[in-house]
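I have placed the structure first, in the form of structure tokens, so that the comments after it can refer back to it.
The values are calculated or read from the model by the stated rules, or taken from the named source; none is laboratory data. Computed from a prediction, not measured in an experiment: that's the story for all the values here. Here Cβ is always computed from backbone atoms with ideal geometry, including for glycine, and neighbour counts include all displayed protein chains.
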Amino acid sequence: MKKLELFWPLKQRITGQKFGECWADVCEQYHVWGLAGHNGIDMGCVDAEPVYAAHDGIVTYAGGEQSEGWGVVIRTEEQFLDGAGAPYYWKTIYWHLTKDISVKVNQRVRIGDVIA
């Protein structure tokens, strides 16, 4: 079994908060959720820039609403090793999108497909 490799989902590489970081204004909330720090990577882009699938998988969520935001979730179809070497289904979450989502729930996507 192999480790999951991810494709960068944006052409521009503008990052905000990185994986594991614990910014002072939200650090306490991470601890409430049982996390040591941020469990993702925040990325930014200009409006209307395409967002690409970071890996092959199945769309498990595609939608949202104006007050909560719009998003897509993609889960791997096969298991990959986690940090401890155990098999695990991985998912990537793409949030704060516009409502122009290009995929639907249960759709199979390939790495690099436009999803929003």
Counting only residues that are of a type in the set (A, V, I, L, M, F, W, C), touching a Ser or Thr at 6+ places or on another chain (Cβ under 8 Å) and within 23 Å of Q12 (Cβ to Cβ), how many does region 54-95 have?
-> 4
What is the residue count in region 31-55 for residues that are touching a Phe, Trp or Tyr at 6+ places or on another chain (Cβ under 8 Å) and at pLDDT 90 or above?
-> 5
Of all the residues that make up region 14-36, how many are at negative phi and either in contact (Cβ under 8 Å) with a residue 24 or more places away in the chain or not aliphatic (A, V, I, L, M) (or both)?
-> 16
Out of L4, L10, sole residue that is more than 21 Å from S102 (Cβ to Cβ) and touching a residue at least 40 places away in the same chain (Cβ under 8 Å) = L4
